[in-house]
């Protein structure tokens, strides 16, 4: 079993977008008064909540209606002098709009997609385990008026930054804890859904669960607000491949990202690991040049049975081992009519050419696991499960009435908690270094 799930704590069903080919994990929440449903990408690799907003001269086409802030009685634009504009992520700045100085933002992701708009506050509503709405007032988010992307209505940043949804609701859900159970990319199960849980009841424990320390990077680091862990290496069958051939392992050498489907590895590590995968699989691999993602590693087969030898085991700092089945290491695709299985591991040169040492633990490798983030104990935990079944746990015996919990958001309280977590972590780190 996965997390017990507090029936009063907020959660969301998470589905895979099988239409755009990216396999994004999409969660539902509501914004504004009256609540307006939006379906956005759940992203642990970023810390901004945003959605496309009317009027939108620079918006991409999305599948569902766009949020119109003029129809929400609780929507407020944040002015330049407000602390939320001056003490948040670097992407916030001041701009002139009519007769007002408003706080604006310009956020660019690793794949160079971007969003630009105004910073605002409004009520965000999720659903509890019993099916009742749970609302949070005055949540800071981006109202995007000039964006690049496709299909989805925006992004819910779940990272460590002050503006992420996790950071903003932490004081009201029982602490800095959340977990997700993501479904794998399966064309035969397009309606499969996983679960995202916040606060009390989201802990990942019990038989089969393993944990590894969460590493906090310096705030000047480019990836400071991601969830970093330390990977010592990966085994292919019984053959261990170290993350660094020199034998030394840097703390926090990889971060978990639900917004990136593939797992990205530094060039040297990737090359050595692929050599072992080729030895473990009887089929001859097909290398396909991809102008967007670099050279991809395929097998010309439509069944995972041919790839049973490619069982990967990820070795984390602290002794935790996570075994990835071929289902989590490969995904189905088609090229010129051929059914192929594509490896979910990718060379960093194909994703972030400006940073060849970046390492990302992608969403497919996290699928069919409960992955729990505990920001109080500073750990990340993994527990294998069938995430298609876990989504059923969220359906409670709600009476169907519109009773709701409304929680007032305090921006300063959130910042204070995050600051204290950072201070505690660095004190512990410095003491351990002195003891050594």
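Brief remarks follow.
- Note on the stretch 325-369: among residues that are assigned to a strand (DSSP E or B) and touching a helix residue (DSSP H, G or I) at 6+ places or on another chain (Cβ under 7 Å), the one that is modelled with the lowest pLDDT is 341.
- Any hit, the stretch 166-179, residues being in the same structural domain as residue 57 (by TED's automatic domain parsing), surrounded by 24 or more Cβ atoms within 10 Å (Cβ to Cβ) and under 20 Å from residue 262 (Cα atoms): yes
- Restricting the stretch 10-28 to residues that are in a loop (DSSP other than H, G, I, E, B) and surrounded by fewer than 24 Cβ atoms within 10 Å (Cβ to Cβ), the residue that is modelled with the lowest pLDDT: 21
- Listing of strands (runs of 3 or more DSSP E) fully contained in the stretch 29-138 that carry 2 or more residues being modelled with pLDDT of 95 or more, outside the structural domain of residue 360 (by TED's automatic domain parsing) and over 30 Å from residue 364 (Cα atoms): 114-128
- Every condition in (1) surrounded by fewer than 19 Cβ atoms within 10 Å (Cβ to Cβ); (2) modelled with pLDDT of 80 or more; (3) not in a helix (DSSP H, G or I) is met by residue 322 except one, and the failing one is (1).
- The condition of being at negative phi and either in a loop (DSSP other than H, G, I, E, B) or not assigned by TED's automatic domain parsing to the domain that holds residue 36 (or both) holds for only one of 146, 162, that being 162.
Quick grid of which residues meet (1) surrounded by fewer than 20 Cβ atoms within 10 Å (Cβ to Cβ); (2) in contact (Cβ under 8 Å) with a residue 24 or more places away in the chain:
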{"position": "183", "(1), (2)": "no, yes"}
{"position": "194", "(1), (2)": "no, yes"}
{"position": "197", "(1), (2)": "no, yes"}
{"position": "220", "(1), (2)": "yes, no"}
{"position": "235", "(1), (2)": "yes, yes"}
{"position": "246", "(1), (2)": "yes, no"}
{"position": "256", "(1), (2)": "no, yes"}
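- Count of the stretch 128-159 residues which are in contact with a strand residue (DSSP E or B) (Cβ under 7 Å, 6 or more places away or on another chain), crowded, with 19+ Cβ neighbours inside 10 Å and within 17 Å of residue 60 (Cα to Cα): 8
The values are calculated or read from the model by the stated rules, or taken from the named source; none is laboratory data. All values derive from a computational prediction rather than experimental measurement. Backbone-built Cβ (ideal geometry, glycine too); neighbour counts: all protein chains shown.
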